[in-house]
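Chemist: Got a structure for you, written out below as structure tokens; questions coming shortly.
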Amino acid sequence: MLYGYNSSMNYIKNMNKGVQYMLIASFTFAIMGAFAKLASAELSSLEVVFFRNIAGVVIIGFAVLKKPMQHQGGKPFLLFFRGLMGFIALLAFFYNIAHISLGDAMTYSKTSPIFTAIFAFIFLHEKLSIKGWIAIFVGFIGIVFITEPSSVGFSKYDLLGIFSGIGAALAYTSVRELKKYYDTRAIVLSFMLTGTLGPIVLFFISPYFDAQELDFLLSEFVLPKGIMWFYLIAMGIFATISQVLMTKAYGETKAGIVGAVSYTNILFSVIVGVMLGDSLPSLGTSFGIILIVLAGIMVAKAK
């Protein structure tokens with residue numbers, strides 16, 4: 001009896017930690033998005049991603065020097081997969097930040113908890129009840145309202161937005177498994193390094209391709225000037241703080257619960273976006289956001 005009580009209390013304590021980490025991460029991520037949008041006025045999304053990650057590599061690198069990592073290791077391919085999925089999803093996300101409102105871009109990316117619950121069920125064998133599946137269905141209805149597809153189908157921003165959610169979900173789900181083998185900083189560093197080296201490769205090959213259709217993926221490097229440096233440095237700092245807290249959150253409790261809490265990021269982003277001059281979400285998008293938040297709460301309760 002006492003053992004069962006202590007186990008329950010420890011679970012609740014860990015769950016609360018995960019919730020707290022994600023709430024703070026959601027706010028800092030919204031601030032990061034604001035600086036990314038400001039920087040995107042003069043720089044390509046690929047370059048913004050590059051600077052966002054190189055700042056993180058420097059910060060995490062100093063942390064590792066001060067306190068070396070101690071972990072079991074043994075999952076290099078999964079670690080690379082986490083970094084690659086995170087990088088590609090971030091490219092799509094930053095492209096949307098540059099071209100649509102911050103709130104809408106963040107809403108697209110925050111479809112990730114819906115996909116995270118599905119991937120956690122498939123790959124991590126986390127149980128998902130009937131209520132959980134209903135929640136996922138509600139979430140997908142919300143996605144339809146957010147995208148507001150026309151007679152010609154989804155727009156480029158819709159497709160990139162949905163992909164940013166799927167890619168992020170795959171990355172977050174892998175964290176649950178990687179946490180057993182690696183230091184949190186190693187997991188974050190895998191993402192940051194991939195997001196730093198990947199753009200360098202793309203910068204070199206961009207001149208040899210027509211970047212018009214793949215402008216979210218290819219572009220030439222342009223040296224930032226003036227206040228752009230401040231935007232980029234601030235973005236990198238807030239991004240790293242958010243990334244570490246997100247990784248800790250997913251390591252503390254179940255992916256579905258933490259994923260549901262991450263929806264608060266939408267509210268923070270809408271507020272920050274309006275402060276930057278964005279218009280408020282349309283009626284259809286607002287209804288979609290409500291459905292997605294409702295889906296997240298339902299998934300959390302189901303788990």
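Chemist: Magnitude of the Cβ-charge dipole of the chain, K/R +1 and D/E -1, about the Cα centre, nearest 20 debye?
Modeler: 1420 debye
Chemist: Set Lys and Arg Cβ to +1 and Asp and Glu Cβ to -1, take the dipole of the chain about its Cα centre, and tell me which of 293, 147, 90 lies farthest positive.
Modeler: The residue sitting farthest along the positive end of the dipole is 293.
Chemist: Also, I was wondering about something else. Identify, among 68, 32, 81, the residue whose Cα sits farthest towards the positive end of the charge dipole of the range 24-99, taking +1 on the Cβ of Lys and Arg and -1 on the Cβ of Asp and Glu, with the dipole about the Cα centre.
Modeler: Toward the positive end, the furthest listed residue is 68.
Chemist: Tell me the mean residue ellipticity at 222 nm calculated for the chain from its helices only (DSSP H runs of n ≥ 4, each -39500 (n - 2.57), averaged over every residue, nearest 500).
Modeler: -26000 deg cm²/dmol
Chemist: Here's something else I'd like to know. Among 233, 190, 284, pick out the residue whose Cα is farthest towards the positive end of the charge dipole of the range 45-302, where Lys and Arg carry +1 and Asp and Glu carry -1 on C-beta, about the Cα centre.
Modeler: 190
Chemist: Give the distance, in whole Å, between the Cα centre of the range 89-127 and the Cα centre of the range 156-234.
Modeler: 14 Å
Throughout, read-outs are computed from the coordinates displayed, never taken from laboratory work. Everything numeric in this text was worked out from a predicted model, so none of it was measured. Don't worry about glycine lacking a Cβ; one is built from the backbone with ideal geometry, like all the others, and counts go over all protein chains shown.
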